[in-house]
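Single-structure report; data block below.
The values are calculated or read from the model by the stated rules, or taken from the named source; none is laboratory data. What you see is a predicted model; the values in this text were computed from it and never measured. Surface areas here come from the heavy atoms of the whole protein model, side chains and all, with no ligands, DNA or RNA. Shrake-Rupley method; radii C 1.70, N 1.55, O 1.52, S 1.80 Å.
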Amino acid sequence: MMKTIVSLFVGLMIATAAVAQEPTIRIDHAASHSMVPGAKVGDGYLVITNSGSEPDRLVAASSDRAKTVQLHQMTMANGIMTMRELKGGLAIPAGQTVTLAPNYHLMFQDVIKPFKQGETIRAVLSFEKAGEITVDFAVGKIAGPLDDVGGAGGMDHGAMDMPGMEGMDMSGPPPEEAIPATLKTMFERPDKPLTILPVVVRNDWAIAGWQQDGRGGRALLKKGHHGWSVFLCSGDGIRQAAALEKAGLSADDAKALAADLAEAEARLDPKVLALFASFEGTVMMAGEAGDAGQGGHEGHGQ
């Protein structure tokens, strides 16, 4: 009788421990952009879901491919975009999903070897309660959409169903904040600040004017699962509706976006418009021409 009681007690303790150790943090869509040769800073985007009943917090990250990995936050105040390390970590509320794209993202600092498309970058994320989770970031194009990489296979433990996810808001920040954040992550340097103005949006397409180190141009962006990505860079070549329609926009979207751009740029200094026009040609950054466009914007921003 005593052996039976002991066996039942041990079995109960084992079952309780198993329930207590069931993972509550799920990592999905871990992805990074590839880097131009010589670059020292890489990015990392992911989706974190907390299926537990207690809040958790992402407090640190590390990788053998970088000297340090920091969690950065982008904020917009008075038309100025700032990016800084998020001290104290990022809260992951119980039963909710947090998307690190693009207002939050990981920054791989002093990268030992630039990320190349097709490889995976292993990192370790440290959570306050869940502990360490190993994540593999799939590397996509240098500036193209990351929708086709970074599936759930990059996480360390198996997939699980998360009830209630269908009702969560995954829309992220408004385009007026998200688009400058995306461009600054890709192209801004400490010694070469990037100014983004104006930003006009029509459905899943947008045009942003940029200025950097005495140069300028316009970027055509497209929205995907991971947020806004640069589709191509140009100068006056994307001011007209016909050119936008040729790039892939519907006739209605192309006409409306061109009209919105003309209205927004009518308020700018002619010197700024001259900078936009100084960008020669068109550099494809995504899709089939994406490989040819790698580093195109950076070349104009030297």
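Couple of notes before you dig in:
- Amide H contacts of D56 (H built 1.01 Å from N, in plane; Pro and chain starts excluded): I92, A94 sit under 5 Å, all sequence-distant by 5 or more or on other chains.
- Pairs from the list K222/K255; K40/K192; K67/K141; K141/K246; K67/K129 with a Cα-Cα gap above 20 Å: K67/K141; K141/K246; K67/K129.
- Each residue of the range 65-70 was assigned a 3J(HN,Hα) from its phi angle through the Karplus curve 6.51 cos²θ - 1.76 cosθ + 1.60 (θ = phi - 60°); the sequence is 8, 9, 5, 9, 10, 10 Hz, with glycine and proline shown as x.
- Hydrodynamic radius (Kirkwood) for the range 184-289, which is based on Cα pairs only, to one decimal in Å: 13.9 Å
- Fraction of accessible area attributable to carbon and sulfur, the range 220-273 (%, probe 1.4 Å): 52 percent
- Once you divide the Cα radius of gyration of the range 238-277 by 2.2 N^0.38 Å, the number left is 1.23.
- Distances between placed amide hydrogens fall under 5 Å for T24 paired with no residue 5 or more residues away or on another chain.
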